[in-house]
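See structure below.
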Amino acid sequence: MSEPTQNSEDVASGHFSSLLKHWRNVRRLTQIELASDANVSARHLCFLETGRSQPSRDMVQLLGSVLDLPLEERNALHVAAGFVPPYGDKGLAAENLQPVRQALDFMLRQQEPYPGIVIDGHWDVRMRNRGSSRLLMPFRDAFDMEGDLGNNAMHAVFHPGGLRQFMVNWAEFAGQLIRILHREVAQGSRASAKLLDEISAYPGVSAEWRLPGHASASSPVMTMQLAKGDYRLSFFSTFTTLAMPTDAVLQQVKIECFFPADEATAEMARQLAASDTGDQHAFSYG
């Protein structure tokens, strides 16, 4: 694995000095450059990297901010220095996140009759509205995937037994989707680095997709075109994230909303919604 795709799991647990040096190298900064950005002496930074000095909590916070680490990795940096992690990471089910869950539920309801899902930092689907269940059920019922892989958005697209078998424009769509993973890996996501390794092992996944910037966009909006017999759908989607979260889990949450790319898909969504007598939404938290 190339240096930019490493993460804190590759560094010995509990060693702040090793973890600090790791992230400085990932960000391609010299000790002098990082010291200057953090407004500390190069000598002190050198001592921190060699273990001759131990950082204060404020110093750990400062360096994590200057290195622009994801909150998950800032937590890891604090733990390695012997401090309690400052950013929550108990998952969407945490009691203090109830207002956020209510807001996410509201957004999914507003997306009806079109699909809407909430994805966590591992790309697992944690919430989905009825539109998602209604329109995508014919495809999901035909999945031939192990365990809970079908509930992971990335695996569902790249696994030969998932959506891939029904996606008319799979090569184009998957090529663009994997670029999102590359961006997240470059930002320091350990979950995305693991996912990248896993989906790259599937048959038919181009070796070039292991490299960032492998493909260029051919249109301003990428569509997902699905077909199962005469049942055809075409969507484009948007990703929304939460602004300025102070929780490591919430920083990784994405709300993906699907919109019809043609009138036939829009009409199918309206017809299925009109005949739906189930609950208005279905979701789980993790």
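The values are calculated or read from the model by the stated rules, or taken from the named source; none is laboratory data. Fair warning: this is a prediction, and the values are worked out from it, not measured in the lab. Because the Cβ atoms are built from the backbone with ideal geometry, glycine has one as well, and the counts that use them run over all protein chains shown. Quick note on the areas: whole protein, heavy atoms, side chains included, nothing else; ligands and nucleic acids left out. Shrake-Rupley method; radii C 1.70, N 1.55, O 1.52, S 1.80 Å.
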If the requirement is being under 30 Å from Phe16 (Cα atoms), out of contact with any strand residue (DSSP E or B) (no Cβ under 9 Å at 6 or more places or on another chain) and of a type outside the set (S, T, N, Q), which of these qualifies: Gly88, Gly82?
Gly82
What number goes with the only condition from (1) open to solvent by less than 50 Å² (accessible area, probe 1.4 Å); (2) in contact with an Asp or Glu (Cβ under 8 Å, 6 or more places away or on another chain); (3) touching a residue at least 40 places away in the same chain (Cβ under 8 Å); (4) not β-branched (Val, Ile, Thr) that Ala76 does not pass?
(2)
Residue check: is Gln111 surrounded by 15 or more Cβ atoms within 10 Å (Cβ to Cβ) and in contact (Cβ under 8 Å) with a residue 40 or more places away in the chain?
yes
Taking the range 83-100 and the residues there that are assigned to a loop (DSSP other than H, G, I, E, B) and either buried (at least 16 other Cβ atoms within 10 Å of the Cβ) or touching an Asp or Glu at 6+ places or on another chain (Cβ under 6 Å) (or both), the one that is modelled with the lowest pLDDT would be Asp89
Does Ile117 count as of a type in the set (Val, Ile, Thr), at pLDDT 95 or above and either on the phi > 0 side of the Ramachandran plot or open to solvent by less than 20 Å² (accessible area, probe 1.4 Å) (or both)?
yes
Residue tally, condition open to solvent by less than 50 Å² (accessible area, probe 1.4 Å), assigned to a strand (DSSP E or B) and not aliphatic (A, V, I, L, M), over the range 228-276:
10
If Ala193 meets every condition in (1) over 14 Å from the mean Cα position of the chain (by Cα); (2) within 19 Å of Val26 (Cβ to Cβ); (3) of a type outside the set (Asp, Glu); (4) modelled with pLDDT of 90 or more apart from one, which number is that one?
(1)
Being surrounded by 14 or more Cβ atoms within 10 Å (Cβ to Cβ) and acidic (Asp, Glu), is that true of even one residue in the range 204-212?
no
Sort out which residues of the range 60-73 are among the acidic types (Asp, Glu) and open to solvent by less than 40 Å² (accessible area, probe 1.4 Å), and write them in order of number.
Glu73
Identify all residues within the range 51-90 that are over 22 Å from the mean Cα position of the chain (by Cα), among the small types (Gly, Ala, Ser) and farther than 21 Å from Arg27 by Cβ; write none if there are none.
Ser56, Gly82
